[in-house]
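Notes follow the structure.
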Amino acid sequence: MKPRLHLLAAAALATASAASQGATLQLNNWTYGNGNAVNVVTTPSFHGQAGGFSGTLSGAGPGFDGSIETYCVELTQTFNLGSAYNNYNLVTAGSYFSAAKVDTLGKLLSYANPIVAAANNNVDDNYSTALQLAIWNTVYDNDSTVSSGTFKDTSGFAAQANAFLSGAANFASNLDLWVLESKTGTPRGSIGHQDQLLWRPKLDQSNDVPEPASLGLALAAVGALGWSSRRRKSAAR
């Protein structure tokens, strides 16, 4: 039976590894009310609706598949609500952003998410729009304001975005971050659809969180070992 056990374990590991290599994303709605019009006047510019999105994810691995909430990373790509895109890979934020930006984004989401979720109707979507601006500012700029610098917005949501950035500055992050990255060209992001930011509560206080592929492999290995142990106990009876 040993050769068969080895083959079964190998198959389980291969399946987990393959599942972590690609994902299908479908964003269906704004998470809070509606998106609101912003006015990003720097390069890249953007004049349209902004806010958090809700949808479904499949093929990303344990702990990620299912209903999700997300914010856009990029201003240079697009997607259509209700359309499924199967060209996404899930990567750690640390492999996508600099360490400083990962730290700022973690603090920002940890601070602002509860505020957005606790706001009254018709305010929560305003806050969600402001949070999206603050995220873009972190991605495209190195300051803590959307009112000046290499990312600048002149909409009525800039003040709240600045409040989020200011409030998060000394806030402790309680989240681990990932990015759903669309197939890319040269330069990065030149082919595909908008990359999306995901977050989960920290598993521990260290930042040594495994890649989704490694997490899937570890879970599969534990399952294979458990199955093997039960077979040995059964054979000994």
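The values are calculated or read from the model by the stated rules, or taken from the named source; none is laboratory data. Since we're looking at a predicted model, the values are computed, not measured. Glycine gets a Cβ as well: all are built from the backbone with ideal geometry, and neighbour counts include every protein chain shown. With ligands, DNA and RNA removed, areas are computed over all heavy atoms of the protein, side chains included. Shrake-Rupley method; radii C 1.70, N 1.55, O 1.52, S 1.80 Å.
Restricted to the range 158-188, and to residues that are buried (at least 19 other Cβ atoms within 10 Å of the Cβ) and either within 17 Å of the chain's Cα centre (by Cα) or hydroxyl-bearing (Ser, Thr, Tyr) (or both), which residue is modelled with the lowest pLDDT? Among residues in the range 158-188 that are buried (at least 19 other Cβ atoms within 10 Å of the Cβ) and either within 17 Å of the chain's Cα centre (by Cα) or hydroxyl-bearing (Ser, Thr, Tyr) (or both), the one modelled with the lowest pLDDT is Ser182. The set of residues in the range 120-135 being open to solvent by 10 Å² or more (accessible area, probe 1.4 Å) and touching a residue at least 60 places away in the same chain (Cβ under 8 Å) consists of Asn121, Asn122, Asp124, Asp125, Asn126, Tyr127.
Evaluating Ser155 against the criteria (1) assigned to a helix (DSSP H, G or I); (2) surrounded by fewer than 24 Cβ atoms within 10 Å (Cβ to Cβ) leaves one unmet condition, (1).
Can you find a residue in the range 13-28 that is touching a Leu at 6+ places or on another chain (Cβ under 9 Å), closer than 27 Å to Gly149 by Cβ and at pLDDT 95 or above? Taking every residue of the range 13-28 in turn, none turns out to be touching a Leu at 6+ places or on another chain (Cβ under 9 Å), closer than 27 Å to Gly149 by Cβ and at pLDDT 95 or above. Only one of the listed residues (Trp199, Trp227) is open to solvent by 20 Å² or more (accessible area, probe 1.4 Å), modelled with pLDDT under 95 and farther than 19 Å from Thr42 by Cβ. That residue is Trp227. Looking across the range 19-38, the residues that are surrounded by 16 or more Cβ atoms within 10 Å (Cβ to Cβ) and assigned to a strand (DSSP E or B) come down to Ala23, Leu25, Gln26, Leu27, Trp30, Asn36, Val38.
Taken together, the residues in the range 60-81 that are under 26 Å from Asn39 (Cβ atoms) and out of contact with any Ser or Thr (no Cβ under 6 Å at 6 or more places or on another chain) amount to 12.
Being hydroxyl-bearing (Ser, Thr, Tyr), open to solvent by 10 Å² or more (accessible area, probe 1.4 Å) and within 18 Å of Thr145 (Cα to Cα) is true for just one of Ser58, Ser45. Which residue is that? Ser45 is the lone residue from the list that is hydroxyl-bearing (Ser, Thr, Tyr), open to solvent by 10 Å² or more (accessible area, probe 1.4 Å) and within 18 Å of Thr145 (Cα to Cα).
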